[in-house]
């Protein structure tokens with residue numbers, strides 16, 4: 001994994017652990033659907049607000065899709081595209 | 001301009017029709033691009049009533065309404081009322097097992113559900129028919145007129161039970177019209193107000209403090225799911241004045257960087273219910289948007305009970321009783337306590353259900369002497385303001401929903417490898433409760449990761465997403481007091 005990307009991956013995992021209390025985020029399968037971890041729409045909104053603060057970006061609700069936020073890998077990819 | 005009339009209507013249907021008569025050509029309902037006047041909403045509801053009659057629904061029958069926040073929910077709910085039947089609103093997130101558990105408590109004649117929801121349970125024999133809203137539209141006549149009866153059941157509501165089964169209660173037409181009057185009179189709703197309901201209309205908060213209040217006052221109702229951009233746009237574009245929501249929604253808006261004071265400038269009353277509002281959110285929201293959040297206290301049994309309308313909202317109070325409601329704090333023996341002393345919150349209200357149905361019907365203890373024992377702990381200060389300090393019940397409040405820990409425990413205990421389980425709510429970083437399961441495996445050599453995955457999978461199969469434990473912790477034993485009582489505080 002690319003250095004910068006690995007750093008972002010670790011930060012998103014840390015947010016999942018801290019904000020959503022996901023168990024053992026460092027061992028999370030990046031391709032596993034977040035829904036399977038019990039992350040519902042409210043949990044996702046919680047994460048989105050945290051990502052906006054952490055990366056100084058605005059995330060439009062229309063961007064909160066399964067493609068962009070369905071898995072850890074998808075989130076990391078989305079934030080990498082959006083973050084300055 | 002219209003204001004609430006003084007004579008209380010006999011039924012929800014007559015309350016609705018009085019508003020239609022008075023405000024027919026004014027705006028009644030907005031859902032995304034759909035805009036209906038009271039006359040148009042009456043036509044939609046009349047068509048539903050006619051279709052229900054054609055399907056054999058007669059006064060007193062139960063009809064499940066399994067719909068989200070949309071025009072179909074409102075016209076279906078009102079169609080059921082016009083038919084003299086009883087609406088049984090249920091969460092469209094429920095899976096088939098949860099629906100079956102609820103409908104076992106309260107059998108219904110038919111089910112109205114969106115196509116995607118209906119497809120989940122068409123192969124189960126839950127009711128004699130299942131119809132989508134479009135299948136109930138287009139009927140030109142309402143069927144035979146229904147004699148208004150205040151004592152007739154209008155709503156079957158559910159609250160989480162303490163035994164793992166849902167607790168159902170019938171609310172009569174008189175209960176619901178009283179609730180609408182208590183609320184609209186206390187907070188001074190007029191036809192110039194505009195409600196926004198992004199909290200679920202199938203829950204007490206959205207149903208009572210948005211839909212029923214709108215029907216009573218003629219103030220239009222804007223509704224939809226909670227999505228930040230759409231919600232902010234709705235408040236701004238529709239000039240929303242009354243915004244009932246839950247702490248999660250207020251917290252999210254307070255933290256959303258692009259929300260501006262301009263977006264929320266029309267709001268005059270933000271009402272938080274469903275869970276305690278944390279002080280940080282209250283302060284941040286008021287500072288950013290210039291409008292305080294008012295805490296409201298209520299329950300499924302009676303709708304809203306108190307609201308804080310005092311100038312200083314920083315004290316964390318849920319305020320004073322709504323008009324027509326009396327609140328008293330009592331000790332273990334049921335005797336009233338002095339101001340400032342903590343005890344169980346009891347109240348009496350014309351909006352209160354007569355009691356529970358199904359297996360809980362024998363549980364009359366909360367209804368003794370017309371004073372309802374809420375199971376909540378609190379005190380009233382010398383000024384008369386109510387403060388809630390604890391719960392004698394153990395519900396978990398997550399994302400605006402109540403989760404009964406016993407329901408989740410029952411699912412987990414059914415799984416292989418589980419000797420014992422306790423489900424608790426634990427705060428996440430924002431103070432929002434999340435569901436946590438503490439599990440004692442039945443042997444030491446189990447693959448812990450596999451067990452965790454299997455337990456979450458089992459919950460996902462049998463429970464709505466908001467009830468699935470976010471955390472599954474494995475322990476060798478559950479901490480107990482010397483008397484054997486589970487020490488939940490050590491599990492959070």
Can you tell me which residue within segment B:452-481, out of those that are assigned to a strand (DSSP E or B) and more than 9 Å from chain A (Cβ to nearest Cβ), is modelled with the highest pLDDT? B:474
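Return the residues of segment A:6-28 that are surrounded by fewer than 18 Cβ atoms within 10 Å (Cβ to Cβ) and touching a residue at least 40 places away in the same chain (Cβ under 8 Å); say none if nothing qualifies. Working first, answer last.
Looking only at segment A:6-28, we keep the residues that are surrounded by fewer than 18 Cβ atoms within 10 Å (Cβ to Cβ), and these are A:6-7, A:10-11, A:14, A:17-18, A:24, A:26-27.
A:11 - this is the single residue of segment A:6-28 that is surrounded by fewer than 18 Cβ atoms within 10 Å (Cβ to Cβ) and touching a residue at least 40 places away in the same chain (Cβ under 8 Å).
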Any hit, segment B:394-405, residues being surrounded by 19 or more Cβ atoms within 10 Å (Cβ to Cβ) and modelled with pLDDT of 95 or more: no
Can you pull out the residues in segment B:349-370 that are surrounded by 15 or more Cβ atoms within 10 Å (Cβ to Cβ), touching a strand residue (DSSP E or B) at 6+ places or on another chain (Cβ under 6 Å) and farther than 16 Å from residue B:298 by Cβ? B:356, B:357, B:358, B:360
Any residue at all in segment B:262-283 that's out of contact with any strand residue (DSSP E or B) (no Cβ under 8 Å at 6 or more places or on another chain), without any contact (Cβ under 8 Å) to a residue 60 or more places away in the chain and under 23 Å from residue B:185 (Cα atoms)? no
Residue list for segment B:123-140, filter: surrounded by 12 or more Cβ atoms within 10 Å (Cβ to Cβ) and either at pLDDT below 85 or touching a helix residue (DSSP H, G or I) at 6+ places or on another chain (Cβ under 9 Å) (or both): B:124, B:126, B:127, B:130, B:131, B:132, B:133, B:135, B:136, B:137, B:139
Go through segment A:41-84 and report how many residues are within 28 Å of residue B:408 (Cβ to Cβ), part of a helix (DSSP H, G or I) and within 10 Å of chain B (Cβ to nearest Cβ). 8
Strands (runs of 3 or more DSSP E) wholly inside segment B:370-451 that include at least 2 residues being away from every other protein chain (no Cβ under 14 Å) and under 24 Å from residue B:247 (Cβ atoms): B:372-380, B:386-391
Scan segment A:24-40 for residues that are facing chain B (nearest Cβ under 8 Å) and not in a loop (DSSP other than H, G, I, E, B) and report the count. 3
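Are there helices (runs of 4 or more DSSP H) fully within segment B:92-189 with at least 1 residues that are under 24 Å from residue B:461 (Cα atoms)? List them.
Once the helices (runs of 4 or more DSSP H) in segment B:92-189 are filtered for at least 1 residues that are under 24 Å from residue B:461 (Cα atoms), what remains is B:96-105, B:115-121.
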Name the strands (runs of 3 or more DSSP E) wholly within segment B:231-348 that hold at least 2 residues that are buried (at least 22 other Cβ atoms within 10 Å of the Cβ), modelled with pLDDT of 90 or more and in contact with a helix residue (DSSP H, G or I) (Cβ under 8 Å, 6 or more places away or on another chain)? B:242-245, B:269-272, B:293-299, B:303-307
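The values are calculated or read from the model by the stated rules, or taken from the named source; none is laboratory data. Bear in mind that the values here come from a model prediction, so they are computed numbers and not experimental data. Here Cβ is always computed from backbone atoms with ideal geometry, including for glycine, and neighbour counts include all displayed protein chains.
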